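Trainee: Quick one: structure below, then a few questions.
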Amino acid sequence: MLSNLIKNKLNEDIINQLLAATLTYNGIKFNLIIDSALKKLTTQDFYKFVIYPFLVRIFETFHFIKEFPVQFYYMMNLLERKLHHLIHNTASVYDKNKTILLYLPENELYEIGLLFANLLLKERGYRTFYIGANQNVKSIKQFIEDVNPDIILSFDTNSANYKSYLKIFEAFPEEIDKFYLIGRQITIEKYKIPRKQKFYNIDEFNIFFEELELKKAN
């Protein structure tokens, strides 16, 4: 495996290439860069060392503009399509005994982080149900009644949507032990769900599922 130092150097090159492809609307190059990176890195490292810092760079590049330029939405569409493709082509071998619902609440529209979580879970052999962005209490309630998932997972990408997440958590007090959330510590630590159900980074997310699988094995 590549060392973190090499990964960090590698990610700088890849991020610069992705940024150039984004600004020039070069979708073919964008996809080729991602395909090449995934041959060198695991999915977890690809998110940690490439995609997350790339998205940070994108926001830093455009933060001074009142509205994101069209290149931003073009890039998001390319990345979401690529992730859907990777998820679709991941073998559906469900060897874990837990089912997982993945959703984003109302007004939360950016699915990149949640799609990566779905990809990682499918690679681990979990059966996932992805209902996507902008979901209200009613739709989640119906899913819980119909399927009764073991874990209900979301990804907080925008602290401005605090009320949307809070509304979901407050609607299901009896199911709160099933709700898990990924996001930056500064953003999600304020939610009143147990600390063990908050993942401040992708490493904590993976450690949780590794420990879950070890408990089952023992």
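Trainee: Can you tell me which condition GLU60 does not meet? The list is (1) within 30 Å of ILE144 (Cα to Cα); (2) exposed (fewer than 12 other Cβ atoms within 10 Å of the Cβ); (3) out of contact with any strand residue (DSSP E or B) (no Cβ under 9 Å at 6 or more places or on another chain), and all the others hold.
Mentor: Failing condition for GLU60: (1).
Trainee: I would also like to ask the following. Can you run down the residue pairs with Cβ atoms below 7 Å, 6 or more apart or on separate chains, where the first is in the stretch 169-186 and assigned by TED's automatic domain parsing to the domain that holds GLU145 and the partner is of a type outside the set (Val, Ile, Thr) and part of a helix (DSSP H, G or I)?
Mentor: ILE176/PHE169; PHE179/PHE169; PHE179/GLN197; TYR180/GLN197; LEU181/GLN197; ILE182/GLY113; ILE182/ALA117; ILE182/PHE205
Trainee: Further question on the same structure: Filter the stretch 63-79 for residues that are surrounded by 10 or more Cβ atoms within 10 Å (Cβ to Cβ) and of a type in the set (Phe, Trp, Tyr); which is nearest to ILE28 (Cα to Cα)?
Mentor: TYR74
Trainee: Restricting the stretch 74-96 to residues that are of a type in the set (D, E, K, R) and farther than 22 Å from LYS39 by Cα, which is modelled with the lowest pLDDT?
Mentor: Top of the filtered list is ASP95.
Trainee: Right, here's the next one. Return the pair list, or none, for Cβ contacts closer than 6 Å from residues in the stretch 79-99 that are in contact (Cβ under 8 Å) with a residue 12 or more places away in the chain and assigned to a helix (DSSP H, G or I) to residues that are among the β-branched types (Val, Ile, Thr) and surrounded by 13 or more Cβ atoms within 10 Å (Cβ to Cβ), at least 6 apart or on different chains.
Mentor: Pairs found: LEU79/ILE112; LYS82/ILE34.
Trainee: Just to be sure, is PHE116 in contact (Cβ under 8 Å) with a residue 60 or more places away in the chain, out of contact with any Gly (no Cβ under 8 Å at 6 or more places or on another chain), not in a loop (DSSP other than H, G, I, E, B) and not acidic (Asp, Glu)?
Mentor: The answer is yes for PHE116.
Trainee: Filter the stretch 188-217 for residues that are under 18 Å from ILE152 (Cα atoms), without any contact (Cβ under 8 Å) to a residue 40 or more places away in the chain and assigned to a helix (DSSP H, G or I) and give the result.
Mentor: Hits for the stretch 188-217 are ILE188, ARG195, LYS196, GLN197, GLU204, ILE207, PHE208, GLU210, GLU211.
The values are calculated or read from the model by the stated rules, or taken from the named source; none is laboratory data. Predicted, not measured: the structure shown is a model, and the values here were computed from it. Glycine also receives a Cβ, built like all others from the backbone with ideal geometry; neighbour counts cover every protein chain displayed.
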